[in-house]
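What follows is a short report on a single structure.
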Amino acid sequence: MARTREALLLLLDVSPSMHSVLPDVEKLCSRLIQKKLIYGKNHEVGVILFGTEETENELTKEVGGYEHVKVLQDIKVVDGHLVQSLKHLPQGTCAGDFLDAIVVGVDMLIKKYGETYKGKKHLCLITDALCPLKDPDVGTKEDQVSTIARQMVAFGLRMKNIVVRASLSGEPHMRVIIENDNLLNIFSKKSSAKTLFVDSTTSLRGARKTRDISPVTIFRGDLELSEKMKIKVWVYKKTGEEKFPTLKKYSDKAPSTDKFATHEVKVDYEYKSVEDPSKVVPPEQRIKGYRYGPQVVPISSAEWEAVKFKPEKSVKLLGFTDASNILRHYYMKDVNLFIAEPGNSRATVAVSALARAMKEMNKVAIVRCVWRQGQQSVVVGVLTPNVSEKINIPDSFYFNVLPFAEDVREFQFPSFSKFPVSWQPNEQQQEAADNLVKMLDLAPSGKGEILQPELTPNPALERFYHHLELKSEHQDAAPPPLDDSLKKITEPDPTLLAESQSAIDAFCGQFVIKENPKLKKSTRRFLREKPSGSDEPNGDGSVSDAQAVNSMESKPVVTVDKIGDLTPIQDFEAMMSRRDCPDWVDKAIEDMKNKIFGLLENSNEGINYPKAVELLVALRKGCILEQVYLSVSFFLLWFAFAFWDNSCLNDMSSIVTFSYAS
Amino acid sequence: MELDPDDVFRDDDEESDNEFYQEHEATKEYVVYLVDASPKMFSTTCPAEDQTDETHFHIAVSCIAQSLKTQIINRLYDEVAICFFNTRKKKNLQDLNGVFVFNVAEREQLDRPTARFIKEFDHIEESFEKEIGSQYGIVSGSRENSLYNALWVAQGLLRKGSSKTADKRILLFTNEDDPFGSIKGAAKNDMTRTTMQRAKDAQDLGISIELLPLSPPDEEFKVSHFYADMIGLEGDDLALFMPSAGQKLEDMKDQLRKRMFSKRIVKRISFIIANGLSIELNTYALIRPTVPGAITWLDSVTNHPLKPGFLCIFSENIKFSVQELSEIKRVSTGHLRLHGFKPLSYLKDYHNLRPSTFVFPSDKEVVGSTCIFIALHRSMLRLNRFAVAFYGNPSNPRLVALVAQDEIVRAGGQVEPPGMHMIYLPYSDDIRPLHSDTDAVPRASDDEVKKAAALMKRIDLKDFSVCQFANPSLQRHYAVLQALALEEDDMPEIKDETVPDEEGMASKLFTCATCRPGVVKAVEEFKLSVYGDNYDEEGDVKVSEASRKRKAATENAAKECANYDWADLADKGKLKEMTVQELKLYLMAHNLSTTGRKETLISRILTHMGK
């Protein structure tokens, strides 16, 4: 199919000024090819280097000129060799003229595909655009660029330019830079070329999407403001998580001598009765059950079909509200983009008017969406305006899913102001924190934003593909460590840290942290020295927690079978709560009675009375729990008379009340 | 029955010196509904919504039934018991007079509600007189005290479980504000005192007693007669009690079916700030999509559960073992590493992938964490910045934005807790590019923007909050499940609150009827402004090439199709002799599918003709 066909021509600058970033260029390109091997096996790729010592291209043979442009690889279907050849790019010795390279590339694409090719044709230029361009024989450079841009539009070529300016250490070529940037801008204006400036190798790695996903609408239809007012819109996905490629299950069960074994595992499920595991239930006899309380209610699919929720496909406006009513953390899922139906100028104007008014008044729209007919659920979401700066990009909305009442868990947390004073930062501490937040700035004015999501590659995926590459050479290769460009994503940038060292030191000096001394050793894990970096497995985790729990559980339990003299109350309680035999309760009460009698009888001038009352209170408490009352009340009456005029009369009154009540 | 010895005999003085460490919450609830079944409950009535009078007993019972139906979905593990007092018959463990514990087979007295329990309780009123019977339990001259007995039975039921893990409650429904009113003299004092003592004992064991008084419209339930002392009401609370109790009753009836989750720490992580300074954070899931419960596969013949088994069928690749994959993903230790801070405007609306996670500091292991966290929190709020950090979650390592959220308290309740929300940022590969045309696209003029702004002022949802809507799909699911489980005859209709009415207004959000004409006018004006006055919906839509072709083909087919006498051909069995092309003419003319083999086409034609 034409849609799945795609041709890509890489134009890589290998001139001396690029040498420092070449390793990252190599990695970016091989990642690109690897992804194509997985997701687009029919895609075709060619590679042109410029700034090389030698010259090797068709144009130079035909018309001369175009020096230092070398075709490393003609356009052909991707294969593993290409990945290899991209791994060690030759280092060029001459200045690279990117315009020459573009001309050679455009020429190659046109010669190979002409106008009839239905697939997409891309050029990807990676350069630092620091070398001055040669003056053309006729006309100005600007004219030449315009001519090429027209050619590119005519043949449907798209171009992406990545300009790497990692270290501009006082280059004297300011004039050259301005001129080159200007020329690249003409490309963007006159053709569908995009130019991206990146200032670090990390950003370079994320600058080119390593996989082109052709946009597919998830909804085409009306955005209904009311019954009568509708706007035709298309909805696309704006973000979607790029996952690891799906891996097939592999079995080593088949004997290695069996040449025909593919080692692929096909998984089928079969359902067996829980009561009789030997009985297999055929799929048509299965029925879905949902839990209702402790039971499971069987509901057949036919029943469901008859009663389930079936909303009509539609996107309806519910109203507008202040943007401050929708907090950022309510956004639930990946993001969609609402644009007016392409080519429909009235819809475009309507969307534009709404978006601009929303932005002006700081409002957002609440909409209810059912994307497809037959979809079983609705989503309520928020439209936020995306007002475009460029004249060739229409205004649009971003759509984020909002939670329903069921999705919000109302947990309560203590207010910070209710914490003890020792937990509140004092003035100096607050100042140090303010300073840190100001100094550790990832978006310093005048410089580019660091770690912009649009330019940050996924380190785990990068590592996966790197490992895949190693494995294709050696089956047993170990996972490689992250390279420096990727480390800047997982760990703070040392240069930035160095710049704000004073603020960090001041901050660290202001605050004291220490291990909680009350905790057992086994549960401590936070301040323990941890290996950092990517290669060491993280030593903490739930293991130590589990140990802590175990040590709690394994606390020896001493079983009590009689009430002693030292801790009679505790003994009594332990006996009362022994669950291994019901007789313990009776025995405990009997023992306790005897203990109290003993105390009273041996009491000299009531010296044991308080103790006896204590035991009595415990006995009463236990009896309430166990609902034993007859014997107690009888016992208590006797007891009450025994020392009626005692000093602990106050304590007694409640006991007597109790005895009477029982 | 289980009893936690530590808890039962726990001394109050043992309370930890820092209550913030001990922030445990009961994970489940044990509730005993104590319903007064005295004749007075049956004789007094209240006007109901539909103008008929309903007895207090009916109100109490239907309220409990409603509450149970919600609870079985919301809080699956809560346990309940229903207990009537002032009854003729008795049924309880202690064999006390005048108390009847309602229960069904295969269920302990205090247990999770089952479908059968709810179903039978729904019909309790029909059989009440015969099975249980109503009778005053407290009469002068007798020493019986049914209220006392009821409390005792309830307390006995609640012996189960420890009050550390379970919240124990007695809910008392009555319309008698002076239960011992019929008794005089010393006997009354005695009874009052013993009952109070009984209630106090229960409260000492961690059982809370709540009163839900019912009163006829013209008479007031005087809490001060007896119950104020029992439930410990004093001063101002006393005056406020009656209105709040009425509200509580309403709330019980009208609850959203919503599965409750107990507050649980998802993970403890350490937040590495710099220079080896790291603090301790707990993460919580505050917002997560709720899905209908898990499916259990059953055998449709026996309704017995099934369990899945694996059947593996065996049929030069690069191999990855599971260990290797998890090793690859472990690009960093499982902590949060601070990179730095950015102004909030750098966090775009499309920088989102998954529901956010809430983080709150903890001083449990690292003393000083909370202090540092509060300081950073305040600075970030004041300077309008968010923190960028790398969260090395082993399963999905990501860059995250930490957005500080100040506490929002509205009407005495915490709407937003203070803390930070961790928002998962996309990587470059996760963001789809915007495709652009080379041509300039039209923009709205200032006037059009002004009209849109006017529209926005009209359709303004002033107090919109995200939890206003219930998920109609989920509510429908629960309702259907309930209807099937309780074998109710009619399927309940669940109103979809998210559908706007004809005028395009969400009825739930727009209560003010007078502003509607204004809204309609504003919409009209906006429409006129952007679409012009000769707006024709179809006219603006370009009919695509393919659909035009299809339309032409259908018209053509209809014409051609008329040349054949299809009924005759079918009768004579001559359809078989025709070509597929000819057969397709008929199908296209009648808007039927043209796919399949010749036999399929013929049978489709015959079916359509009704033969």
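The values are calculated or read from the model by the stated rules, or taken from the named source; none is laboratory data. Nothing here was measured: the structure is a model prediction, and the numbers come from that model. Positions of Cβ are generated from backbone atoms using ideal geometry, with glycine treated the same way; all protein chains shown enter the neighbour counts. Only protein heavy atoms, including side chains, enter the accessible area calculation; ligands, DNA and RNA are left aside. Shrake-Rupley method; radii C 1.70, N 1.55, O 1.52, S 1.80 Å.
Remarks
- Some residue of region A:77-87 being surrounded by fewer than 17 Cβ atoms within 10 Å (Cβ to Cβ), hydrophobic (A, V, I, L, M, F, W, C) and assigned by the TED database to the domain that holds A:Ser30: yes
- Meets criteria (part of a loop (DSSP other than H, G, I, E, B), open to solvent by less than 10 Å² (accessible area, probe 1.4 Å) and modelled with pLDDT of 80 or more) for A:Pro425: no
- Count - residues of region A:373-394 that are modelled with pLDDT of 85 or more and not β-branched (Val, Ile, Thr): 4
- When residues of region A:483-507 are limited to those that are of a type in the set (A, V, I, L, M, F, W, C) and over 19 Å from the mean Cα position of the chain (by Cα), the one surrounded by the fewest Cβ atoms within 10 Å (Cβ to Cβ): A:Ala498
- Filtered residue count, region A:295-314, keeping only those that are farther than 18 Å from B:Gln475 by Cβ and within 36 Å of the chain's Cα centre (by Cα): 5
- Filter result (assigned to a strand (DSSP E or B), aliphatic (A, V, I, L, M) and more than 27 Å from A:Met332 (Cβ to Cβ)) within region B:271-302: B:Ile272, B:Ile273, B:Ala274, B:Leu277, B:Ile279, B:Leu298
- Summed over region B:179-209, the residues that are open to solvent by less than 40 Å² (accessible area, probe 1.4 Å) and either within 20 Å of B:Phe241 (Cβ to Cβ) or among the aromatic types (Phe, Trp, Tyr) (or both) give a count of 9.
- Test: A:Ile102 is modelled with pLDDT of 80 or more, in contact with a helix residue (DSSP H, G or I) (Cβ under 7 Å, 6 or more places away or on another chain), surrounded by 21 or more Cβ atoms within 10 Å (Cβ to Cβ) and assigned to a helix (DSSP H, G or I): yes
- Qualifying strands (runs of 3 or more DSSP E) (wholly inside region A:243-313; at least 3 residues being open to solvent by 70 Å² or more (accessible area, probe 1.4 Å), out of contact with any Gly (no Cβ under 6 Å at 6 or more places or on another chain) and modelled with pLDDT of 60 or more): none
- Single unsatisfied condition, A:Thr348 versus (1) more than 29 Å from B:Tyr478 (Cα to Cα); (2) at pLDDT below 80: (2)
- Conditions (1) open to solvent by 30 Å² or more (accessible area, probe 1.4 Å); (2) polar (S, T, N, Q); (3) closer than 21 Å to B:Glu29 by Cβ; number of the one not met by B:Ser142: (3)
- If you go through region B:213-235 and pick out every residue that is open to solvent by less than 40 Å² (accessible area, probe 1.4 Å) and either in contact with a Cys (Cβ under 8 Å, 6 or more places away or on another chain) or over 29 Å from B:Glu29 (Cβ atoms) (or both), you end up with 2.
- Qualifying positions in region B:461-472 - open to solvent by less than 30 Å² (accessible area, probe 1.4 Å) and either in a helix (DSSP H, G or I) or charged (D, E, K, R) (or both): B:Val466, B:Pro472
- Exactly one residue out of B:Ala81, B:Ala60 is under 29 Å from the mean Cα position of the chain (by Cα), farther than 19 Å from B:Val153 by Cα and open to solvent by less than 30 Å² (accessible area, probe 1.4 Å): that is B:Ala60.
- Residue within region A:410-419 that is among the acidic types (Asp, Glu) and in a loop (DSSP other than H, G, I, E, B) present: yes
- Residue match in region A:13-24 (condition: within 20 Å of A:Val103 (Cβ to Cβ), touching a helix residue (DSSP H, G or I) at 6+ places or on another chain (Cβ under 7 Å) and not aromatic (Phe, Trp, Tyr)): yes
- Qualifying residues in region A:430-440 (those that are within 7 Å of chain B (Cβ to nearest Cβ), crowded, with 19+ Cβ neighbours inside 10 Å and not in a loop (DSSP other than H, G, I, E, B)) - the one nearest to the chain's Cα centre (by Cα): A:Val437
- Boolean, A:Thr321 is facing chain B (nearest Cβ under 7 Å), surrounded by fewer than 23 Cβ atoms within 10 Å (Cβ to Cβ), among the β-branched types (Val, Ile, Thr) and not in a loop (DSSP other than H, G, I, E, B): yes
- The set of residues in region A:277-318 that are more than 7 Å from chain B (Cβ to nearest Cβ) and farther than 30 Å from B:Glu493 by Cα comprises A:Pro277, A:Ser278, A:Lys279, A:Val280, A:Pro282, A:Pro283, A:Glu284.
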